[in-house]
Amino acid sequence: MVCLRCILLVKDELKRLDIGYRNVKLGEAIIDNSTTAAELTALDKELCKAGLQIVDSKKSRLVEQIKLLVIEQVHYSSEPLSEKFSCYLARKLNYDYTYLSNLFTSIQGMTLEQYIIWNKIEKVKELLIYDEMTVAEIALQMNYSSAAHLSKQFKKVTGFNASHYKKVRQIRSDGERESE
């Protein structure tokens, strides 16, 4: 679960299937011990329809924790990290970063660094669309060493430079407003 809509969806499915739970939060649902295998199978089937899955192995849960920490830090934290992401994840999860990175890659099929960059670029896109900050301000907020570094990474991931992306999004928004 990586967004608030996911939390609502999981809660709705648990209620609909009459499965007792104590808590549902970003990346985790604590369900009652009395839940049967058939109920878990039904829940898994319904969640799969929405692109979610039940994670039940220790390694898969650790990868989900990694993803959750990355998402929380990139998308919901108001302060940039004061340490490298690798140190942050190792400290928060109490594992060596090399282990976390290798595990993540083996399960997700992409490197942890790529996942972090992808999330950061998604957040940068959002900030560019809001049009309240310059690329330099966004770079500072997103913990890039410079606006040039952000722009280079943005282009590598999206194929556009940041200012071009911003202009294209603005033109599309203006066109959509005119057609209404």
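Grab the helices (runs of 4 or more DSSP H) fully contained in the range 35-107, keeping just those with 1 or more residues being within 20 Å of GLU122 (Cα to Cα) and of a type in the set (Phe, Trp, Tyr). Give the steps one after another, and end with the answer.
Details: elements: 37-49, 58-71, 85-93.
Answer list for the range 35-107: 85-93.
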| Restricting the search to the range 18-39, which residues are of a type in the set (Gly, Ala, Ser) and exposed (fewer than 15 other Cβ atoms within 10 Å of the Cβ)? | GLY20, SER34, ALA37, ALA38
| note | When GLN114 is run through (1) at positive phi; (2) at pLDDT 95 or above, the failure sits at (1)
| said: When you check CYS3 against the structure, is it closer than 30 Å to ILE138 by Cβ and not assigned by TED's automatic domain parsing to the domain that holds MET142, yes or no? | reply: yes
| task | Considering only the range 78-120, state which residues are among the β-branched types (Val, Ile, Thr) and farther than 17 Å from LYS58 by Cα. | result | THR98, THR111, ILE116, ILE117
| task | Residues being under 23 Å from HIS164 (Cα atoms) and free of Cβ contacts under 8 Å to residues at least 12 places away in the same chain: count how many of those fall in the range 98-121. | result | 1
| task | State which residue pairs qualify: first residue farther than 22 Å from SER78 by Cα and inside the range 136-161, second residue buried (at least 16 other Cβ atoms within 10 Å of the Cβ) and among the small types (Gly, Ala, Ser) in any location, beta carbons under 6 Å apart, and separation of 6 or more residues or different chains. | result | ASN161/SER151
| said: Would you confirm, using the coordinates I've provided, whether GLN73 is at pLDDT 85 or above and either surrounded by 11 or more Cβ atoms within 10 Å (Cβ to Cβ) or not assigned by TED's automatic domain parsing to the domain that holds GLU126 (or both)? | reply: yes
| message | Considering only residues that are more than 21 Å from ILE66 (Cα to Cα), surrounded by 12 or more Cβ atoms within 10 Å (Cβ to Cβ) and in contact with a helix residue (DSSP H, G or I) (Cβ under 9 Å, 6 or more places away or on another chain), which ones fall in the range 1-17? | response | LEU9, GLU13, LEU14, LEU17
| request: Of the conditions (1) within 29 Å of LEU140 (Cα to Cα); (2) of a type in the set (A, V, I, L, M); (3) in a helix (DSSP H, G or I), LEU9 clears all except one; give me its number. | output: (1)
| field | Considering residues of the range 76-111 that are among the basic types (Lys, Arg) and farther than 14 Å from GLY27 by Cβ only, the residue modelled with the highest pLDDT | value | ARG91
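The values are calculated or read from the model by the stated rules, or taken from the named source; none is laboratory data. Owing to the predicted nature of the structure, the values given are computational and were not obtained by experimental measurement. Counting neighbours? That spans all protein chains shown, and the Cβs are built from the backbone with ideal geometry, glycine included.
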